[in-house]
Amino acid sequence: MQPYGIQSMLKEGHKHLSGLDEAVLKNIDACKQLSTITRTSLGPNGMNKMVINHLDKLFVTNDAATIVNELEVQHPAAKILVLAGKAQQEEIGDGANLTVSFAGELLQNAEELIRMGLHPSEIIIGYNKAINKTIELLDELVEEGSENMNVKDKNEVISRMKSAVASKQFGLEDVLCPLVAEACIQVCPKNPANFNVDNVRVAKLLGGGLLNSTIVRGMVLKSDAVGSIKRIEKAKVAVFVQGVDTSATETKGTVLIHSAEQLENYAKTEEAKVEELIKSVADSGAKVIVSGAAVGEMALHFCERYKLMVLKISSKFELRRFCRTTGAVALLKLSQPNPDDLGHVDSVSVEEIGGVRVTVVRNEDGGNSVSTVVLRGSTDSILDDLERAVDDGVNTYKAMCRDSRIVPGAAATEIELARKLKEFSFKEMGLDQYAIAKFAESFEMVPKTLAENAGLNAMEIISSLYAEHASGNVKVGLNLEKGACEDISGLSIWDLYVTKFFALKYAADAVCTVLRVDQIIMSKPAGGPGRREQPAGMDED
């Protein structure tokens, strides 16, 4: 039978979905599924997810960015939400969950409108009007006097960082925030806008508890010193990228040796050469040699003789950070370093923390280059989760260095936005007022989810929040510990304005992109006859 219509145009094996039911609602459904996953881990009482990725690695976390990254999302529409979450993670480093969950909520409301008979393009127009209005309203909610902030003041930093860290590790924020704030303030440059997130490192060491965590100005390397010298104070450092060893010559040659003496002398020259190199390094004043690759036996012997401490850092990124910490210049091959190329450390010592030997490189006064938060915890997955919380804290610090405005947290902002947008929708003519009203309703997802995750009655809480806000208490939010509504300026729960701004913007953009799709045309997937199942843990290539 001859194919006709769209079948005759496309190659066989393609899929073509069009129309409201097949394309639009299916897309919305896929996105709703994704946001249902992330939604339960929103906020401080969020549940953890156990994600096992394609390499059999286990993640136990409530950090939406990690969850969404590790799920291999196949559906093209849900992928758009994933990209919105990733964009938020790249831009701010916190609030990916809000982005994905809010987008899911908007889509769910859009579905109701479509079932009522609105056309997707009207919904999009309404949503666009709503997001522009939301951004205007957000500006009005900014706490007065928060736009100029001293980023070196620890208390100000902690009050802004608290909500970001608490949403990952609830109950531990009072321990973690001072650590992270301290670390960030140490490495903050003269112009805070140039703050580099990479300068705050995290070293995870098993054992102990979170209260044993400390902060080190400098670096913590998870390896032992190579030689027998384990501690050195106020020393100069030489860094060699290629390794401290005798290099084999490039050219091949044949040597005829006639007598035993010649054989002995032949081996001696090599020794003399290595000794000469090591001596030249020692003469330049360096007390510590850092090598990027293997350290030869013979070279090590002479390093010991000249009382040089030898460290090996195999990762080249670590090596760069080490150079940043000490101010050294990495030299390519083993030769006498210039005085300018040497770095300086206050102390290098090998310490034993929880049965692991680590090398601690301290640089107290030499500028604020790198600082390390040493995290202690009982299991690997706890440590990973703590690291994500610290990451969020550091990213929040970076965001507040650029823009330090804050808005009330704990769902106070969302309820206020919902209330104001509702009022705005009544003034609109035309069908898009329904879309704006639904957009306003979507904000209720935040307090509702926060309440549900904490096991409270969501409806009661939302209505009492609305009642408080209607009587003019703009800063009333949800206190999860008491399970009641109260003014959050007393609890100092603040969210950064930029986090909210981008999260809502990305969510609205993603939703409009999904709603604009009316047909899905999928070609036949490439590849021969069905791919064989690969053994677990293998890569695809």
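The values are calculated or read from the model by the stated rules, or taken from the named source; none is laboratory data. Predicted model, so just to flag it, every value in this text is computed and none were measured. A quick note on method: Cβ atoms are made from the backbone with ideal geometry, for glycine too, and the neighbour counts reach across all protein chains shown. With ligands, DNA and RNA removed, areas are computed over all heavy atoms of the protein, side chains included. Shrake-Rupley method; radii C 1.70, N 1.55, O 1.52, S 1.80 Å.
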Original post:
Relative to the Cα centre, what is the charge dipole magnitude of the range 1-150, using +1 at the beta carbon of each Lys and Arg, -1 at the beta carbon of each Asp and Glu, and rounding to the nearest 20 debye?
Top reply: 760
Subject >> Cβ charges +1 (Lys, Arg) and -1 (Asp, Glu), total dipole of the range 165-294, debye >> reply: 520
**OP:** For the chain, give the percent of accessible area contributed by carbon and sulfur heavy atoms, probe 1.4 Å, rounded to a whole number.
**Re:** 52
Original post:
For the range 1-149, what does the alpha-carbon gyration tensor say about shape, rounded, prolate or oblate, given a ≥ b ≥ c as the root eigenvalues, a/c under 1.5 as rounded, and a/b over b/c as prolate?
Top reply: oblate
**OP:** Take each of the peptides 26-35, 501-510, average the number of other beta-carbon atoms within 10 Å over its residues, and list them starting from the highest.
**Re:** 501-510, 26-35
Original post:
Percent relative contact order of the range 1-140, based on C-alpha pairs within less than 8 angstrom and at least six residues apart?
Top reply: 23
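What order, most packed first, do the peptides 278-284, 318-324, 209-215 have when packing is the mean number of other Cβ atoms within 10 Å of each residue? Don't skip to the answer; put the middle values down first.
Working: 278-284: 17.0, 318-324: 19.6, 209-215: 14.3.
By packing density, highest mean first, the sequence is 318-324, 278-284, 209-215.
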Original post:
How far is helix 173-187 tilted off the main Cα axis of the chain, in degrees rounded to 10, range 0 to 90?
Top reply: 60
Original post:
Which one of Ala503, Leu206, Gly327 is farthest out on the positive end of the charge dipole of the chain, using unit charges on Cβ (Lys, Arg +1; Asp, Glu -1) and the Cα centre as origin?
Top reply: Gly327
Original post:
How high is the relative contact order of the chain, given as a whole-number percent (alpha carbon pairs under 8 Å, six or more residues apart)?
Top reply: 27
Original post:
Which order do peptides 415-426, 470-481 fall in by mean Cβ count within 10 Å, highest first?
Top reply: 415-426, 470-481
Subject >> Beta bridges by DSSP in the range 280-435, antiparallel share as percent, to the nearest 5 >> reply: 65
**OP:** Roll a 1.4 Å probe over the protein chains and send me the accessible area per residue for the chain in Å².
**Re:** 49
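Which links in Lys32/Lys475; Lys86/Lys500; Lys79/Lys398 stretch past 22 Å when you go from one Cα to the other?
Details: Lys32/Lys475 30 Å; Lys86/Lys500 15 Å; Lys79/Lys398 27 Å.
Where the Cα-Cα span goes over 22 Å, the pairs concerned are Lys32/Lys475; Lys79/Lys398.
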Original post:
So for the range 104-197, taking the charge dipole from beta-carbon charges (+1 Lys/Arg, -1 Asp/Glu), which of His119, Pro178, Leu137 sits furthest toward the positive end?
Top reply: Pro178
**OP:** Would you mind checking the tilt of helix 432-442 against the longest principal axis of the Cα atoms of the chain, expressed as 0 to 90 degrees and rounded to 10?
**Re:** 50
Original post:
Over what distance in Å are the Cα centres of the range 1-64 and the range 420-462 separated?
Top reply: 25
Original post:
For the chain, what is the charge dipole size about the Cα centre, in debye to the nearest 20, if Lys and Arg each add +1 at the Cβ and Asp and Glu each add -1 at the Cβ?
Top reply: 740
Original post:
In degrees between 0 and 90, to the nearest 10, how far off the longest principal axis of the chain does helix 316-326 point, with axes built from Cα atoms?
Top reply: 80
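Rg(Cα) of the chain divided by 2.2 N^0.38 Å? List each step's numbers first, then the result.
On the way: Rg = 29.8 Å, N = 541, 2.2 N^0.38 = 24.0 Å.
For the chain, the normalised Cα radius of gyration is 1.24.
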Subject >> Residue-by-residue Karplus 3J(HN,Hα) for the range 120-136, coefficients 6.51, -1.76, 1.60, Hz, glycine and proline x >> reply: x, 5, 5, 4, 5, 4, x, 5, 5, 4, 5, 6, 5, 5, 4, 5, 4
Original post:
Just how far, in whole angstrom, is the range 136-162 from the range 90-112 if you go by their alpha carbon centroids?
Top reply: 24
Subject >> Antiparallel bridges, percent of DSSP beta bridges restricted to the chain (to nearest 5) >> reply: 65
Original post:
Taking a 1.4 Å probe, which of Met429, Met309, Met459 shows the most accessible area, and what order do the others take after it?
Top reply: Met429, Met459, Met309
Original post:
For Ser280 and Leu332 in the same chain, what is the full-extension length gain: residue separation times 0.36 nm, less their Cα-Cα distance, in nm?
Top reply: 17.2 nm
Original post:
Between Ala78, Met219, Val394, whose Cα lies farthest towards the positive end of the dipole of the chain when Lys and Arg beta carbons carry +1 and Asp and Glu beta carbons carry -1, centred on the Cα centre?
Top reply: Met219
